[in-house]
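Accompanying notes for the structure given below.
The values are calculated or read from the model by the stated rules, or taken from the named source; none is laboratory data. As the structure is a computational prediction, the values presented were derived from the model and not from experiment. Please note: Cβ atoms are built from the backbone with ideal geometry, for glycine as well, and neighbour counts cover all protein chains shown.
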Amino acid sequence: MSFGIYVHWPYCVSKCPYCDYNAHVATHIDQARWRRAYERELRTVYDLTGPRLVDTVFFGGGTPSLMDPETVHHVLNVIQNLWGMSAVYEVTLEANPTTVDSLKFKAFRDCGVNRISLGVQSLIEQDLTFLGRNHDVDQAKKAIHLAQDIFPRMSFDVIYGRPAQTESSWERELDIILDLMAGHVSLYQLTIEEGTPLYLHHARGDFTALPNADIDRLYDLTHEIMTAHGYSNYEVSSFCKPGEESRHNLIYWRYHDYAGIGPGAHGRLQTHGKFITTRAHRAPDIWLERVEKDGHGYHPFINLTSRERLEEAVMMGLRLEEGIELERLKSLAQTQDPLNKERIKALISEGLLHDDPQSLRVTKAGRKCLNAVIAWVLQ
């Protein structure tokens, strides 16, 4: 079973109006203090996991490209010295187009980063403004080309379903995306999350959200064009060429173990015969103080029941084109009949699940109402 480590860097130059992640703006960051804190929390996690190889590390945020390369290097050295890295390890670092240059990218590569994930979000100028991005289209393209030149693997994110977006405009943007791609892209539908500035703008009528029917048509168009160009929709929002899947994200979706390091980070681990979830305090200053005092910034661990493991595995696994093996679900649930067979048959008859005796897999139609499918399966 694969094992990954997620490292959260909570700082950004500015926070985007649609973002509900644990991200903060700060004028001064004591990177040496952060290096010490990351190391202390990593050592606490090692006491939980014991010896095993690490397959993936993911520096997420926030904007991890604001980190000093020395900080990234230190974290990776600690991980290597504690656990060791597998022979085909993947180290991903998220970056924004305005926070990178050639020298910094090369420094990250020399530290051990071998995959970059760029937050592009749009290749239309006015939509970048709407999304609160502080880069323009030209900067995004330059950052993509720079990442391709320096790193063996890279991906970038784009948000669609934006206000007033049409099928023709999205098709033109997809053509640009395909010209820029180097193996992997994540195409997310815009969500208006409660508590974000975008939610308030929408509530007071500053813009009109795209109707669900229009978003459905954009989804169909996305799938049609990307698959026609040889890209697998291996996960509901992710397209790639064979072998270019995000190995770290596959750990989440296949319900394998991962450690979460840093403020607000979540983890899922097997330790001393138990299955636990970990969750760190969200506020960076409080997290730092707790790590310096206790060796970690975690809230009390939560022991997962077999039913909770089953539910999480279904929620994660059905995001994947490959689905999840029924034998795995039986093992997690510790029962031979983990799911309601009549409900499964009903979803198959509706064309929302594949008729597969080995795996639970959603169809293309099922993906369009994935949350409803998951809720029905788990009732």
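General observations
- Some residue of segment 16-36 being more than 30 Å from Val158 (Cα to Cα) and aliphatic (A, V, I, L, M): yes
- For segment 62-74, filtered to residues that are assigned to a helix (DSSP H, G or I) and either under 26 Å from Val120 (Cα atoms) or of a type in the set (Lys, Arg) (or both), the residue that is nearest to the chain's Cα centre (by Cα) is Pro64.
- Among (1) out of contact with any strand residue (DSSP E or B) (no Cβ under 8 Å at 6 or more places or on another chain); (2) crowded, with 23+ Cβ neighbours inside 10 Å, the one test that Ala87 misses: (2)
- Near pairs, Cβ below 6 angstrom, 6+ apart or cross-chain, from segment 176-205 (small (Gly, Ala, Ser)) to any residue that is in a helix (DSSP H, G or I): Ala182/Gln148
- Test: residue in segment 85-93 that is in a helix (DSSP H, G or I), closer than 26 Å to Ser186 by Cα, within 22 Å of the chain's Cα centre (by Cα) and among the aromatic types (Phe, Trp, Tyr): no
- Condition check for Leu210: closer than 16 Å to Leu131 by Cα, modelled with pLDDT of 95 or more and not polar (S, T, N, Q): no
- Filtered residue count, segment 255-300, keeping only those that are under 16 Å from Ser2 (Cα atoms) and in contact with a Gly (Cβ under 6 Å, 6 or more places away or on another chain): 4
- Filter result for Ala228 (aliphatic (A, V, I, L, M), modelled with pLDDT of 95 or more and surrounded by fewer than 20 Cβ atoms within 10 Å (Cβ to Cβ)): yes
- The residue that is nearest to the chain's Cα centre (by Cα), counting only those in segment 217-237 that are assigned to a strand (DSSP E or B) and farther than 18 Å from Asp55 by Cβ, is Asn233.
- For segment 286-318, residues that are in a helix (DSSP H, G or I) and over 30 Å from Gln336 (Cα atoms) total 9.
- Filtering segment 325-371 to residues that are polar (S, T, N, Q) and within 28 Å of the chain's Cα centre (by Cα) leaves Ser331, Gln358, Ser359, Thr363, Asn371.
- Total residues in segment 6-58 satisfying the condition of being among the hydrophobic types (A, V, I, L, M, F, W, C), assigned to a strand (DSSP E or B) and closer than 20 Å to Ala283 by Cβ: the figure is 4.
- Filter result (assigned to a helix (DSSP H, G or I) and either touching a His at 6+ places or on another chain (Cβ under 9 Å) or crowded, with 16+ Cβ neighbours inside 10 Å (or both)) within segment 259-285: Pro284
Condition check ((1) among the small types (Gly, Ala, Ser); (2) surrounded by fewer than 24 Cβ atoms within 10 Å (Cβ to Cβ); (3) in contact with an Asp or Glu (Cβ under 9 Å, 6 or more places away or on another chain); (4) closer than 19 Å to Ser155 by Cβ) across all residues:
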{"position": "Gly4", "(1), (2), (3), (4)": "yes, no, yes, yes"}
{"position": "Val13", "(1), (2), (3), (4)": "no, yes, no, no"}
{"position": "Arg40", "(1), (2), (3), (4)": "no, yes, yes, no"}
{"position": "Arg52", "(1), (2), (3), (4)": "no, yes, yes, no"}
{"position": "Val57", "(1), (2), (3), (4)": "no, no, yes, yes"}
